[in-house]
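Heads up, the thing below is written out as structure tokens.
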There are 2 protein chains.
Amino acid sequence: MKISFQKKSPLRRKTRQIKVGNVAVGGDAPVSVQSMTNTSTADAGATVSQIKALEALGCEIIRVAVPDTDSVKALKKIKKAIAIPLIADIHFDWRLALGAVDAGVDGLRLNPGNIGEKGRIKEVVRAAAQRKLPIRIGVNAGSLEKAILAKYGGHPTKEALVESALRHIRILEDMDFREIKISLKASSVPLTIESYRLLAGKVDYPFHIGITEAGTIFSGTIKSAAGLGALLAGGIGDTMRVSLTGDPRDEVKVGWEILKALELRKRGLNIVSCPTCGRIKFDCAGVAVEIEKRLSHIEEPVNVAVMGCVVNGPGEAVEADVGVAGGDGVGLIYVKGVAVRKVKQEDAADAVVEEVMKALKERRK
Amino acid sequence: MKISFQKKSPLRRKTRQIKVGNVAVGGDAPVSVQSMTNTSTADAGATVSQIKALEALGCEIIRVAVPDTDSVKALKKIKKAIAIPLIADIHFDWRLALGAVDAGVDGLRLNPGNIGEKGRIKEVVRAAAQRKLPIRIGVNAGSLEKAILAKYGGHPTKEALVESALRHIRILEDMDFREIKISLKASSVPLTIESYRLLAGKVDYPFHIGITEAGTIFSGTIKSAAGLGALLAGGIGDTMRVSLTGDPRDEVKVGWEILKALELRKRGLNIVSCPTCGRIKFDCAGVAVEIEKRLSHIEEPVNVAVMGCVVNGPGEAVEADVGVAGGDGVGLIYVKGVAVRKVKQEDAADAVVEEVMKALKERRK
């Protein structure tokens, strides 16, 4: 995996830094991209191969559900076979949490108020502290404590979400445990944004951000980008998971694309291309999609412009690493702002890919 | 087209209201969804049929490029055949602008500083004023004035974009013309966000927002949702166009999905569905995609939850108009928070669609 950089933002919320395995979260660490497997965790083989596919796409932390002892048993095998930190997602059962810690996971996702009496909580927290494992408190609008829900009129509000988070935080702090990150997820984007903003003023723990139950790839991608975009542009968010009803590989791709869009991190191709309009005399869409496909394996950041008109074309093409400004069936190829040659439209994708590969080779020297 | 509502937001930037045909932009008007045709405007037949397809998807204002006199000639025919306001997009040529006004368009997109000497600008502005047509000043990072670019070191900065906008605004204000909306588009999402934020403190004209040259459907959707999400969640934006290199129908769909995600407007299906995880014993993705497909024609707002586990499932299902909480191959169907029946997984999509249609019928009474 390539190291990516993050622009220092003066706006970024100041948070404590914690470590999930070898990945720093919070402080000035880059916002990391997480996902969650959807294989049965008990099936170590299937889970490992899914995680490896996610690693290749830039997944930096992986979470697996641990609903039973068969899953606990698989954790050791999974941990050994993968390169990125492994988080066990536990609900209700403290013994599963202890088992996961023993199996060598790098972090827990567990709401301490939900695992029973104080003695049990203490035992889990002590085990996590001994191994220096962080705990993520994950508050979810769909599973708020009944008492808190009742207090806020039976519906999840930002105040209810924040109160639930603070309750779990207090339990951990009372045990002198501070390796905490927090998520406050709702399927409502504004509720999610407002809840994180409210809690941001109250604690300095790093935030895991996401829109939960965001829906299908189409609506889930847009809800996640709109919500996480609003949070990140306001300096909130230290690690993120895009939740989609579908293939977790899409979660990683969308996660990276959001970070790239906000110029918080760089990875692979950043493509700038014309909207099509009545002025266009060049097949921008065809050329852009072809380039996107052929350069999808690139991990090093590279900016490519595919422009189809003379109004904004040359300006954008000049700003990119490699660009093509098209018009009337021909494309002018730009490299680092300099026009290098003219090609026919059908050769434009080839020419851009060739120049990108050349530029990357040059850069690696 | 159904009327949609917009939640009053205390955060929304206060702007003057202008009218584009019968669509109000700014003030307390709902954020409207625009697109731009990619047919040749001179081909009135093709352009009209594209616009009709966009209208059906909820496009509320349509813009066409007017690069030549053949396009001007087609405008009258186009205007007559469509239901939504028509905006002529003009670059450089004042005679095309006058021709478009004569042809009965509802607005111009035109940067007055780019159409030549003062006498020509005056003639165009007078023509627009007589017909009460608004003018959008569209500043684009890729086509900034050379003098302004040079002043800011040769690269488009937020200050450069804002200075260009203010220059065009001053030209119109000096002619007592104030039916203005403004866009400041860049392919860089942070540059776009920061430019709008900077200009928001200086003028009260409504903003047309968008990320320009945002790229292919995949990256363009994410850049647009992240950038427009950040702006809209901060109260900025009165009308929007999502720019994609591809089919303008996708621009309208993505535009609506962004507004729905931020709960600024409602239209059709809002689906909440589980991310898949190792706990899942119900085919959420299959059921959700099936429901999305079968309810895509619905314009009235309806919330549907498709949940696959017992942790957050029942909570979310209860909040939706219709929901299904799945588990072990069966689904419990909820209507307005009440569990009404249990169905097999393969019948879950049918059952949800049936309950939605029933609920809509009930609501229409």
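Some values worked out for this structure:
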read-out: Residues of region A:191-222 satisfying the condition of being under 19 Å from residue A:161 (Cα atoms), facing chain B (nearest Cβ under 8 Å) and modelled with pLDDT of 95 or more; value: A:193
read-out: Pairs, first at the interface with chain A (Cβ under 9 Å from one of its Cβ atoms) in region B:140-164, second in a loop (DSSP other than H, G, I, E, B) and surrounded by fewer than 22 Cβ atoms within 10 Å (Cβ to Cβ), C-beta under 6 Å, six or more apart; value: B:143/A:311
read-out: Tabulated pairs, region B:33-60, first in contact (Cβ under 8 Å) with a residue 60 or more places away in the chain and closer than 24 Å to residue B:209 by Cα, second hydroxyl-bearing (Ser, Thr, Tyr) and in a helix (DSSP H, G or I), C-beta under 8 angstrom, 6+ apart or interchain; value: B:37/B:47
read-out: In region B:46-81, the residues that are more than 22 Å from residue B:110 (Cα to Cα) and touching a strand residue (DSSP E or B) at 6+ places or on another chain (Cβ under 7 Å); value: B:54, B:58
read-out: Region A:229-247 residues that are assigned by TED's automatic domain parsing to the domain that holds residue A:26, paired with ones that are basic (Lys, Arg) (beta carbon under 6 Å, 6 or more apart); value: A:235/A:12; A:235/A:13; A:236/A:13
read-out: Given (1) within 13 Å of residue B:109 (Cα to Cα); (2) modelled with pLDDT of 95 or more, index of the condition residue B:140 fails; value: (2)
read-out: Matching residues, region B:322-351, being within 14 Å of chain A (Cβ to nearest Cβ) and buried (at least 21 other Cβ atoms within 10 Å of the Cβ); value: B:323, B:324, B:325, B:326, B:334, B:348, B:349
read-out: Residue within region B:274-297 that is outside the structural domain of residue B:37 (by TED's automatic domain parsing), modelled with pLDDT of 90 or more and not in a helix (DSSP H, G or I) present; value: yes
read-out: Residue A:263 vs. criteria in a loop (DSSP other than H, G, I, E, B) and facing chain B (nearest Cβ under 7 Å); value: yes
read-out: Residue among B:239, B:192, B:157 that is more than 30 Å from residue A:195 (Cβ to Cβ) and surrounded by 19 or more Cβ atoms within 10 Å (Cβ to Cβ); value: B:157
read-out: The lone exception for residue A:72 - which of (1) crowded, with 22+ Cβ neighbours inside 10 Å; (2) under 23 Å from the mean Cα position of the chain (by Cα); (3) of a type in the set (Val, Ile, Thr) it fails; value: (2)
read-out: Yes/no for residue B:58 being on the phi > 0 side of the Ramachandran plot and either touching a Leu at 6+ places or on another chain (Cβ under 9 Å) or not acidic (Asp, Glu) (or both); value: yes
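The values are calculated or read from the model by the stated rules, or taken from the named source; none is laboratory data. Quick caveat, the model's predicted, so the values are computed rather than measured. Don't worry about glycine lacking a Cβ; one is built from the backbone with ideal geometry, like all the others, and counts go over all protein chains shown.
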